[in-house]
Amino acid sequence: MATITALPRPPFFMILFLIVLLPLACRCADPDPLQDFCVANLNASIFVNGFPCKPVPEVKSDDFFFNGLRKEGNITNVFGSNVTAGNVLVFPGLNALGISMNRVDFTPGGVNPPHIHPRATETGVVIKGRLLVGFMTTSNVLHSKVLKAGEMFVIPRGLVHFQRNVGKGKALVIAAFNSQLPGIVVLSFTLFASTPPIPNDVLTKAFQVDEKVISGIKSKFGS
Ligand code: GLV
Ligand code: MN
């Protein structure tokens, strides 16, 4: 007859590992969903961490499809690039699922300027053209490579990154994020076009340049 014996107590270091180290192994962005879906009610008057769900009887198949990335964005701007977002704000079916995508179009020489996604890691695949993709680590090391169609990149969450079309024709990249709303901080806008503006004496010290350099840059961004 089988006898039931008390299980041995796990050693202290094992408990420490489980409590302290395992959470560090998680590279999660958005939290896991608690139901099959939660199509965003973008008009709800309450705002939680994400959007409240549409009542299930009102959910339609169309809530799970989005055609907003079909067309090239308007690339006739100073950067020669355009980001078309496919996030929860335009595709409510993504709500609570922790993913989204962008389409980025480039003119020859166009740049997607240095920016950060505070809530997501980004991965992307070049669909057309030749693209220099780079990101900087927190130790200020630049990792970059020129990619051609079919090649992929990854940008770890929160790191400053950019892309530049180094080919002769237009370029197109499709990017994916582990967040329904990755957020974007474009450094040039954040530093030189905030509302209200960052005082010039902060920026002159930070960049070690004269005030006229700072006001010159600010004027380019309309402030
Ligand atoms: C590219 O870096 C993007 O954020 O879409
Ligand atoms: Mn990005």
Margin query: Restricting to the range 71-86, count the residues that are free of Cβ contacts under 8 Å to residues at least 40 places away in the same chain, part of a loop (DSSP other than H, G, I, E, B) and open to solvent by less than 40 Å² (accessible area, probe 1.4 Å).
Written below: 1
Note to self: Being more than 16 Å from ligand 2 (Cβ to nearest atom), open to solvent by 30 Å² or more (accessible area, probe 1.4 Å) and closer than 24 Å to ALA29 by Cβ is true for just one of VAL90, VAL125, VAL166. Which residue is that?
What the structure shows: VAL90
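Got a sec? Which of PRO113, PRO182 is within 11 Å of ligand 1 (Cβ to nearest atom), buried (at least 19 other Cβ atoms within 10 Å of the Cβ) and either more than 18 Å from the chain's Cα centre (by Cα) or under 21 Å from ASN87 (Cβ atoms) (or both)? Break it down into steps so the answer makes sense when it comes.
On the way: PRO113 fails: buried (at least 19 other Cβ atoms within 10 Å of the Cβ).
None of the other options fit; the residue is PRO182.
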Notebook entry, point to check: Scanning for something farther than 19 Å from ALA29 by Cβ and either within 11 Å of ligand 2 (Cβ to nearest atom) or of a type in the set (D, E, K, R) (or both), does the range 136-147 turn up at least one residue?
Noted result: yes
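Can you tell me which of ALA171, ALA149, ALA193, ALA175 is touching a residue at least 60 places away in the same chain (Cβ under 8 Å), surrounded by 14 or more Cβ atoms within 10 Å (Cβ to Cβ) and farther than 30 Å from PRO52 by Cα? I'd like the intermediate steps shown before the answer.
Details: ALA149 fails: touching a residue at least 60 places away in the same chain (Cβ under 8 Å); ALA193 fails: touching a residue at least 60 places away in the same chain (Cβ under 8 Å); ALA175 fails: farther than 30 Å from PRO52 by Cα.
Unique residue meeting the criteria: ALA171.
I want to confirm something. Restricting to the range 48-70 and keeping residues that are part of a loop (DSSP other than H, G, I, E, B) and over 21 Å from the mean Cα position of the chain (by Cα), which single residue is surrounded by the most Cβ atoms within 10 Å (Cβ to Cβ)? Walk me through how you get there before you give the answer.
The initial filter retains those residues of the range 48-70 that are part of a loop (DSSP other than H, G, I, E, B), namely 49, 51-52, 54-55, 59-60, 65-70.
Okay, now just the ones that are also over 21 Å from the mean Cα position of the chain (by Cα), so 52, 54-55, 59-60.
Details: PRO52: 16, LYS54: 21, PRO55: 9, VAL59: 17, LYS60: 10.
This residue is LYS54.
The values are calculated or read from the model by the stated rules, or taken from the named source; none is laboratory data. Small disclaimer: the values here were computed from a predicted structure and weren't measured. When we count neighbours, we look across all protein chains shown, and the Cβ atoms used for this are built from the backbone with ideal geometry, even at glycine. Ligands, DNA and RNA are stripped out before the accessible areas are found, and what is left, the full protein with its side chains, is counted by its heavy atoms. Shrake-Rupley method; radii C 1.70, N 1.55, O 1.52, S 1.80 Å.
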